[in-house]
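**Q** Take this structure first; my questions come after.
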Amino acid sequence: MEEREDDEEEKFPLLIETNEGNKEDDDGHLVGRICVESKKIWHISGPAIFSRVAMFSMTVITQAFAGYLSDLDMLGVASGLETLCGQAYGAKQYHMMGIYLQRSWIVLFFSAVLLLPMFIFATPLLKFMGQSEEVAEKAGTVALWLIPLHFSFAFQFPLQRFLQCQLKTAVVAWVAGFALLLHVFMSWLFVYRFQVGLIGAAITLDLSWWVTVFGMFGYMICGGCPLSWTGFSTLAFSGLWDFFKLSTASGIMLGLENVYYRVLVIASGTLTSSQVAVDALSICMTIYAWESMVMLGFFAASGVRVACELGAGNGKGAKFATKVSLVTSLLVGFFFWSIIMAFSKNFAMIFTPSTTVVTAVNELAALLAFTILLNSIQPVLSGVAVGFGWQSVVAYINIGCYYIIGVPLGVLMGWALHFGIKGLWAGLLSGTVVQTLILIFITIRCDWEKEARETSISLNKWRNSNQ
């Protein structure tokens, strides 16, 4: 009986009570609501941050052991699942979450198959792009050994979001932490002990990511999600086209964001012949990547909270969750901004003893700090968009702001006006500023109650199509 009562208590952990009437105007009550909402945000974002840092660390550790490894991803297609699972959870349609998970597996598996030629023909593609024959051959060999890793994404990302939407982020964090420890040991074993080199590094990544897949899957099928996982169903094969469209929009939205600032790394070799400048930029991008893992935790939290409240028909709750998420993320971003600005002359010493590189990093510190500050706002707003199911709208915004405004302006300032790396970075940053302002405007103008009603209609449509 106690287990049953616990299950009942945990059914609706993400939903805000809405029967408070005029008490919401009371300052004391408002402070209480903020505290409760903040606790829910950190309950999701804390483990999400840890799991992302742990998974990102696997690649960093592999680079440390092997010296080189390409970064690969599935373009965030799994975020389509976050919208549907979050809304289904809020609407108490728990059984549909398992159906959505299986649909996501199907869509992502076939997406992974379509991307296979990039791995199989990596060597000729890299040669065509101007890479040296030696680098292209080595990278092509590693790419073939990373095919198992590539397919693990199709299952790992949906499982992660499936558990996040049910506030089971601690499970994701524990699995990621165990996989990270195992990865450190296997990296030492394959690269140093067995002297397998790059292939050994690729194998360790393959194994570590599949460990996370089997860990989360094992938790789910062994009774960890009794309401949302009732077994495999043929219903997963219906409604695939609508699910594919939402997933594709999610992939484009997050993919465009993911590769945007990598333009800096790609262009650094053509903008300057100075190895010092390239080293300085690499340090800045490493710091930015670590900070992004933190902000992606808030991206997940805001998406889950908004989707749950909309699924429950609570537009005001979704709006309140957005405000608290945004303020919390902004405070964290301001903390990182303050550290970069306060220690701009010294923080690069963590990465290099070279005084010339440290000086070069200092020149880029202000741009890095403001990029980090903006990155504390944009992920939350993108998470809200995921909660609403606005991925296609944000994808168009990203295309316009990033690649019609940011990149051309960066090229103008970097090459035509001869500002070099700083000019290119400033141009890209301007694209992020415009994108953030547009997302803020859209969020402010949003009719939250109308969106909640439309979410209920959409959920009923999806449910009826599966009966």
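**Q** Kindly identify segment 359-451 as rounded, prolate or oblate by the Cα gyration tensor criterion: order the square roots of the eigenvalues as a ≥ b ≥ c, call it rounded if a/c is under 1.5, otherwise compare a/b with b/c, prolate if a/b is larger, else oblate.
**A** Prolate, since a/c reaches 1.5 and a/b exceeds b/c.
**Q** If each residue of separation counts as 0.36 nm, what is the full-extension length gain between Val196 and Leu437 once their alpha-carbon separation is subtracted?
**A** 81.8 nm
**Q** With a sphere of radius 10 Å drawn around the Cβ of Ser325, what net charge do the other residues whose Cβ falls strictly inside it have (Lys, Arg +1; Asp, Glu -1)?
**A** Net charge around Ser325: +2.
**Q** How large is the dipole of segment 102-192 about the Cα centre if only Lys and Arg carry +1 and Asp and Glu carry -1, each at its Cβ, rounded to the nearest 20 debye? Working shown, then result.
**A** On the way: 5 positive and 3 negative charges, 86 e Å.
Value, rounded to 20: 420 debye.
**Q** Now, a different point. So for Tyr192, Tyr219, Tyr403, fewest C-beta neighbours within 10 Å to most, what's the order?
**A** Tyr192, Tyr403, Tyr219
**Q** Tell me, in nm to one decimal, what length is gained between Ala416 and Phe214 on full extension, where the rule is 0.36 nm per residue of separation less the Cα-Cα distance?
**A** Values: separation 202, 0.36 × 202 = 72.72 nm, distance 5.15 nm.
Separation in residues times 0.36 nm, less the Cα-Cα distance, equals 67.6 nm.
**Q** OK, next. How much length, in nm to one decimal, is gained on full extension between Val265 and Cys222, taken as 0.36 nm per residue of separation minus their Cα-Cα distance?
**A** 11.1 nm
**Q** List Cys401, Cys308 from most exposed to least, where exposure is judged by having the fewest other Cβ atoms within 10 Å.
**A** Listing Cys401, Cys308 from fewest to most nearby Cβ atoms yields Cys401, Cys308.
Read-outs throughout are calculated quantities, based only on the coordinates presented, and are distinct from any laboratory measurement. Just so it is clear, the structure is predicted and the values come from calculations on it, not from any experiment. Backbone-built Cβ (ideal geometry, glycine too); neighbour counts: all protein chains shown.
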